[in-house]
Amino acid sequence: MSPILLFSFVIGYFMLLLVVAYFTSRNSNNESFFIGNRNSNWMLVAFGMIGTSLSGVTFVSVPGTVGSGGFQYFQVVIGYLFGYMVIAFVLIPLYYRMNLTSIYTYLEKRFGVNAHKAGAFFFILSRTVGATARLYLVISVLQIFIFNKLGIPFVATALVILLLILLYTFEGGVKTIIYTDTLQTTGMLVGLVVCIIAIIKSLGTDFSGALSMMGDKGYTKLFNWDVKAGAFALKHILGGMFIAIAMTG
């Protein structure tokens, strides 16, 4: 596929994000920017969270993890499920009952202002480092497959993409992000299906044949009950649960 065609897809996607930001930001105020006026469609929020938790890094890195260690990463996914259950049935009712905007307000009410500042600081620090790594990987992929062939330097690519992200986020806040995350989730799931179909075709087999090939290579093993193993099931499940609570709750 030509770099010009790929570049047009990237531009079209960002233009669509800006259009979404424009229509979702009309008549917005401070409350709608930060909490979406507390009336966002729960199905859109839930569906959009799939793309938020996955990210482009997950889309690129998890297949590599599966290729080296099989589907034992699914243990972490099970942990995410338990973590989201804690968020849904413990934390969210607490936030609504106390009329809170964020966990940091709860920390201040429960433990004092120092806990509020410490929690906010370390969360911002961790998200900055994590977002930087994710953005670097995504921009690197775009640079390798598109912009290097067009003679555009990496720095220019990074600056333009950062500017576009800032534009659509600043324009509409959380209300915009709910819709853009929904769009992102849809794109990632469609891309996942397309990739699976393309890989199966490249192997010259069908879906059942691909599963059989994976089983022969040991990729279909889901759980590891060896306590000494790095991928011990209980460790992965607990780790996934606390990651979900810390990053999403």
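Would you be able to say whether some residue in region 177-196 is hydroxyl-bearing (Ser, Thr, Tyr), more than 20 Å from Phe71 (Cα to Cα) and exposed (fewer than 12 other Cβ atoms within 10 Å of the Cβ)? Checking region 177-196: not a single residue is hydroxyl-bearing (Ser, Thr, Tyr), more than 20 Å from Phe71 (Cα to Cα) and exposed (fewer than 12 other Cβ atoms within 10 Å of the Cβ).
Could you list, in sequence order, all residues of region 5-21 that are β-branched (Val, Ile, Thr), farther than 14 Å from Ile161 by Cα and surrounded by 14 or more Cβ atoms within 10 Å (Cβ to Cβ)?
Correct list: Val20 only.
If you filter region 1-31 down to residues that are under 22 Å from the mean Cα position of the chain (by Cα) and of a type in the set (Gly, Ala, Ser), you find that the one that is modelled with the highest pLDDT is Gly12. Of the residues making up region 211-246, those that are surrounded by 15 or more Cβ atoms within 10 Å (Cβ to Cβ) and without any contact (Cβ under 8 Å) to a residue 40 or more places away in the chain are Met214, Phe232, Lys235.
Can you give me the number of residues within region 86-138 that are hydroxyl-bearing (Ser, Thr, Tyr) and farther than 21 Å from Ala46 by Cβ?
7
Gly230 - would you say it is part of a loop (DSSP other than H, G, I, E, B) and over 30 Å from Met15 (Cβ atoms)? Criteria met by Gly230.
If you take just the helices (runs of 4 or more DSSP H) that sit entirely in region 85-177, which of them hold at least 1 residues that are in contact (Cβ under 8 Å) with a residue 60 or more places away in the chain?
The qualifying helices (runs of 4 or more DSSP H) are 103-111, 113-142.
Residues of region 115-159 that are of a type outside the set (Val, Ile, Thr) and out of contact with any helix residue (DSSP H, G or I) (no Cβ under 9 Å at 6 or more places or on another chain): Phe121, Phe122, Leu125, Ala131, Gly151, Leu159. All conditions but one from (1) at pLDDT 85 or above; (2) closer than 22 Å to Leu238 by Cβ; (3) touching a Phe, Trp or Tyr at 6+ places or on another chain (Cβ under 9 Å); (4) not aliphatic (A, V, I, L, M) apply to Tyr80; the one that does not is (3). Please verify whether Ile199 is at pLDDT 80 or above, among the hydrophobic types (A, V, I, L, M, F, W, C) and surrounded by fewer than 16 Cβ atoms within 10 Å (Cβ to Cβ), treating the condition exactly as stated. Here the answer is yes, as Ile199 does meet what is asked.
The values are calculated or read from the model by the stated rules, or taken from the named source; none is laboratory data. Predicted model only: the values in this text are computed from it and were never measured. Cβ coordinates were reconstructed from backbone atoms using ideal geometry, including for glycine residues, and neighbour counts include every protein chain displayed.
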